[in-house]
Amino acid sequence: MTSDINLSSSHLALGAEIAPDGVPLHYHNLPQAYQAIYTACVLMERPHEGRLLLRGRSAKTLLHRLGTQDIESLATGMGCGTIFLNPNGRILERVEAYILEEDCVLLLTSPGHVEAVKTLLERNIFFGDDVVVENITKRTTQMVLHGASAEALIHTLTPILPASTLNTMGIAPVLLNGFKAWLIRRKSYHGSHWSIVPHESSHALGIWDHLKKHDDLTLAGAITFNMLRIASGIPATPHELTPDYIPLEVGLWDEISFTKGCYVGQEIVARMESRQQLAKVLIKVSADALILPNTPLLYGQTNVGVITSATQLPTREYVGLATIKPAYRESILTCGGTTVRPNGLAGSPPPHTMLKDLVD
């Protein structure tokens, strides 16, 4: 679901190729955009990442009892990633929760999953709960900054709120060119990673135009984002964040609290952590030629894993993510006859106090 806010005219005027759902794919500048992440900064509009507002005294409580993280301990201005699991401990949804006020939470969802998350939440509202879930995706949008100089640019844009004061997974209200928005410091892919969500639909174009005029910034689209995600080892829907996996298997260790108590699927996750054993791990890989998702990884003639995401970078490198049996995580493998080399664990790896044999 994309936004009703139509920035398409601006994207088209800047040379964008736009997907049928309204998301900019690229600006015919893939090499420059990808390089800019590592040397400067890129700006993207990502309207298809869902946005929900939870209001009411039970907003935090609902998320706390459903997800893997200790939401109730978060103060205003703080956030975290949290995962909703099925009873077998497998991934249903991953969301990011940001505390706007004690009784108001902004939730970011995976692209195309906002209604599924809304339905899941509303199905678990109990009698006596005080919480309303509102889908604000269609009346807002999201602008994203990535890259080596993104923090410096944010500092310039919001001098009243120095970027250095906002912790990772933190949120703050800001004024951009006189327009109100939420500024979110998200997990880094490379450099720093920021989202800007305007408060009102009428503010979107003014903020977008204000951002894109800065010299130390290159416009980029969904293709560049996917390249960056895979190269950085970030699991995502619908590739790694699926019911095929338990969160610990795909590098989501930092989005699970092992002390908060019960949630759906908690017993399975706790047992895996206590036994310090994983059936598979997520790794970054590189290849000699194009590799495709859902293709088996072989060690000799033995099937030991599967490619989950893959792409060719503008640098002509072939990279991907794969889930693999832990014993083969450092082995040279093949995929459809192509040599595949491991490049370390992806996502957030196990803590050094656990699973020591899996940590580089």
| message | I want to confirm something. Restricting to the stretch 302-324 and keeping residues that are at pLDDT 95 or above and not in a strand (DSSP E or B), which single residue is surrounded by the most Cβ atoms within 10 Å (Cβ to Cβ)? | response | L313
| said: Residues that are within 20 Å of I230 (Cβ to Cβ) and of a type outside the set (G, A, S), at least 3 per element: which helices (runs of 4 or more DSSP H) completely within the stretch 1-112 meet that? | reply: 30-39
| task | Among the candidates I154, I184, I99, single out the residue that is at pLDDT below 95, on the phi < 0 side of the Ramachandran plot and touching a strand residue (DSSP E or B) at 6+ places or on another chain (Cβ under 7 Å). | result | I154
| note | Note on N88: of the conditions (1) surrounded by 14 or more Cβ atoms within 10 Å (Cβ to Cβ); (2) over 24 Å from R57 (Cβ atoms); (3) outside the structural domain of D209 (by TED's automatic domain parsing), unmet is (1)
| said: Can you report the number of residues in the stretch 246-276 which are exposed (fewer than 14 other Cβ atoms within 10 Å of the Cβ), touching a residue at least 60 places away in the same chain (Cβ under 8 Å) and polar (S, T, N, Q)? | reply: 2
| message | Which residue is farthest from I223 (Cα to Cα), if the candidates are limited to the stretch 331-350 and must be under 26 Å from the mean Cα position of the chain (by Cα) and part of a loop (DSSP other than H, G, I, E, B)? | response | P350
| query | Would it be correct to say that I291 is touching a Cys at 6+ places or on another chain (Cβ under 6 Å) and not assigned by TED's automatic domain parsing to the domain that holds F225? | reply | yes
| task | Scan the stretch 155-173 residue by residue and report those that are of a type outside the set (S, T, N, Q), out of contact with any Cys (no Cβ under 9 Å at 6 or more places or on another chain) and surrounded by 18 or more Cβ atoms within 10 Å (Cβ to Cβ). | result | L157, A163, L166, I171, A172
| When you go through V105, V114, V131 one by one, which is the residue that is in the same structural domain as C80 (by TED's automatic domain parsing), within 24 Å of L43 (Cβ to Cβ) and either over 16 Å from the mean Cα position of the chain (by Cα) or buried (at least 17 other Cβ atoms within 10 Å of the Cβ) (or both)? | V114
| What pairs can you find where one residue is in the stretch 288-303 and under 16 Å from Y328 (Cα atoms), the other is outside any loop (DSSP other than H, G, I, E, B) and of a type in the set (S, T, Y), and their Cβ atoms are less than 9 Å apart, with a gap of 6+ or different chains? | L297/T323; L297/Y328; L297/T334; L298/T334; Y299/Y328; Y299/T334; G300/T334; T302/Y328
| field | Boolean, I125 is out of contact with any Phe, Trp or Tyr (no Cβ under 9 Å at 6 or more places or on another chain), in a strand (DSSP E or B) and outside the structural domain of S202 (by TED's automatic domain parsing) | value | no
| query | Does L282 satisfy being in a loop (DSSP other than H, G, I, E, B), surrounded by 13 or more Cβ atoms within 10 Å (Cβ to Cβ) and not hydroxyl-bearing (S, T, Y)? | reply | no
| said: Yes or no: the stretch 187-205 includes at least one residue that is in the same structural domain as I37 (by TED's automatic domain parsing), modelled with pLDDT of 90 or more, among the hydroxyl-bearing types (S, T, Y) and part of a strand (DSSP E or B). | reply: yes
| Criterion: buried (at least 21 other Cβ atoms within 10 Å of the Cβ) and in contact (Cβ under 8 Å) with a residue 40 or more places away in the chain - qualifying residue of H64, H26, H11 | H64
| Hey, any hits in the stretch 137-146 for a residue that's in contact (Cβ under 8 Å) with a residue 60 or more places away in the chain and more than 25 Å from K118 (Cα to Cα)? | yes
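The values are calculated or read from the model by the stated rules, or taken from the named source; none is laboratory data. Since the structure is predicted, the reported quantities are computational estimates derived from the model, not experimental observations. Please note: Cβ atoms are built from the backbone with ideal geometry, for glycine as well, and neighbour counts cover all protein chains shown.
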